[in-house]
Amino acid sequence: MRIDAECINAFVMEMNKYAVRFGMKNTKFVNPHGLNEIGHYSCAKDIARMTMCATAYKKLMEFWGQTTYSVAVGGNHARTISGASTYKGGNMTSVGNYYHILGGKSGMVKVSNVRHENLCLVVKSKVDDAWLVGCILGNKNNPEASTTGNRGVPFKEMLDWLEDYRQDPSTVAQPVQATHCSAWVVPPFVPTAYADVDLEMVGKSSTTQTYPASTTKLMTAMVVLDNLSLDETVTVHSEDIRSGSGDIFYAGDTLNVGDALLAMLLPSSNTLAVTFARVAGEKILNTMKVSRSSRV
């Protein structure tokens, strides 16, 4: 078996190849989960672009549509895990009461005892059938005062600004509480065809490099969907286990890929992001080896 680190590195390299293909010019990934690490960065415009490109994945859109999840875990600790999405439902009513949320990803990092909350979403417009995509990064909250945050409030501010801009492009910039933001209309064709087009309609410090946190897992999910089938089984290794967000998993836990994607995306499991990187990374390495052999 290949060394786990080699497989994970191959997976992360693939994430960065996707970033280049998607036109994410201020992004570098060094891990599959988004926990703070030197050299791991992105920006609001790039995360919004990544979210737009994710709409090309029909299965991902199906996963996004779920407000709650229930997944079966096998192994010595066989059980069923259930919960709610981090980007839909109760904590997101400030957006969801006004816009229909199609899907997205939230994230949070703590810097100097301050929560930096991130959110990327695809929603339906209030005024027509258009899909809107956007990202806020760096919505700051005192962690002692709030455990759930209010990232939906600045996201709605950004969406309202975007809707005003669509009606009148001369509209003045409107206040958005988050430090960075970027939003536009999702193109009506395959989003990945727009890598070299600047689609941003409204933005604020949108190309400033900062912490992407768990929004990273959207890229992880796309690479997984392109390299693993949904009915395959993945097994958690002790080396995969990470602290932070997501349900608790144990070494030896088994899940099919579809369930593991739900558990990685909706409750934002850091452990499963690493499991995926190791398993899919090995396949990526094997494919590269076969490709090199065929050219000899």
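We did not get these values from a lab; they are worked out from the coordinates using the rules stated. Values in this document were obtained by computation on a predicted structure and should not be read as measured data. Cβ placement follows ideal geometry from the backbone for every residue including glycine, while neighbour counts extend to all protein chains displayed.
Using Cα atoms only, what is the angle between the long axis of helix 217-227 and the major principal axis of the chain, expressed in degrees (0 to 90) to the nearest 10?
Approximately 50 degrees, to the nearest ten.
Report the percentage of all Cα-Cα pairs in the chain whose separation exceeds 24 Å, rounded to a whole percent. Don't skip to the answer; put the middle values down first.
Numbers: 21364 of 43660 pairs.
When all Cα pairs of the chain are counted, 49 percent exceed 24 Å.
If you take the square roots of the eigenvalues of the alpha-carbon gyration tensor of the stretch 175-296 and sort them as a ≥ b ≥ c, do you get rounded (a/c under 1.5), prolate (a/b over b/c) or oblate? Could the numbers behind the result be given before it?
Numbers: a/c = 2.32, a/b = 1.37, b/c = 1.70.
Because a/c hits 1.5 or more and a/b fails to exceed b/c, the stretch 175-296 counts as oblate.
Quick check on the stretch 96-248: take the gyration tensor over C-alpha atoms, sort the square-rooted eigenvalues as a ≥ b ≥ c, and tell me if it's rounded (a/c under 1.5), prolate or oblate. Mind dumping the intermediate values first?
Working: a/c = 2.09, a/b = 1.29, b/c = 1.62.
It is oblate, given that a/c is not under 1.5 and a/b is not larger than b/c.
For the chain, can you list the cysteines whose C-beta has no other cysteine C-beta under 4.7 Å from it?
CYS7, CYS43, CYS53, CYS181 - these cysteines have no disulfide-compatible partner (Cβ-Cβ under 4.7 Å) in the chain.
Would you kindly calculate the mean projected area, averaged across all directions, of the convex hull enclosing the Cα atoms of the stretch 164-217, in square nanometres?
On the way: hull surface 20.8 nm².
Mean projected area for the stretch 164-217: 5.2 nm², to one decimal.
Please report how far the C-alpha centroid of the stretch 192-251 lies from that of the stretch 111-132, rounded to the nearest whole angstrom.
Centre-to-centre (Cα) distance: 16 Å.
On a 0 to 90 degree scale, rounded to 10, what angle separates helix 4-22 from the longest Cα axis of the chain?
So the helix axis and the longest Cα principal axis differ by about 30 degrees.
Given contacts defined as C-alpha pairs under 8 Å and at least six residues apart, what's the relative contact order of the chain, whole-number percent? Please list the in-between numbers first.
Values: 616 pairs, mean separation 74.4, N = 296.
It comes to 25 percent, rounded to a whole number.
What aspartates and glutamates sit close enough to LYS110 to cross-link, taking a C-alpha to C-alpha distance under 13 Å and skipping anything fewer than 8 places away on the same chain?
List returned: GLU37, GLU144.
Straight-line reach from LYS217: which lysines have a Cα under 16 Å away, not including same-chain ones fewer than 8 places off?
Within reach: LYS17, LYS28, LYS59, LYS105.
Based on C-alpha coordinates, I'd like the Rg and Dmax of the stretch 2-145, in Å.
Answer for the stretch 2-145, Rg first and Dmax second: 17.0, 53 Å.
Taking the chain as the reference, fit the longest principal axis to its C-alpha atoms, fit the long axis of helix 270-295 to the helix C-alpha atoms, and give the angle between the two in degrees, 0 to 90, nearest 10.
70
Would you work out which of SER42, CYS7, ALA72 lies farthest towards the positive end of the dipole of the chain, given +1 charges on the beta-carbon of Lys and Arg and -1 on that of Asp and Glu, about the Cα centre?
Projecting each Cα onto the dipole axis, the largest value belongs to CYS7.
What length, rounded to one decimal in nm, is gained on full extension from THR208 through to THR68, with 0.36 nm per residue of separation minus their alpha-carbon distance? Walk me through the numbers on the way to the answer.
Numbers: separation 140, 0.36 × 140 = 50.40 nm, distance 3.33 nm.
Extra length from THR208 to THR68 when fully extended: 47.1 nm.
Starting from the Cα gyration tensor of the stretch 217-273, take the square roots of the eigenvalues, sort them a ≥ b ≥ c, and report rounded, prolate or oblate (rounded when a/c is under 1.5, otherwise prolate if a/b is larger than b/c, else oblate).
Numbers: a/c = 1.81, a/b = 1.24, b/c = 1.47.
The shape class here is oblate.
Between ASN97 and MET13, what is the FRET efficiency for a Förster distance of 35 Å, r being their Cβ-Cβ separation, to the nearest 0.05?
In this case the efficiency is close to 0.25.
Between ILE38 and ALA84, what's the calculated FRET efficiency when r is the beta-carbon distance and R0 is 25 Å? Round to 0.05.
Numbers: r = 33 Å, r/R0 = 1.31.
Efficiency, rounded to the nearest 0.05: 0.15.
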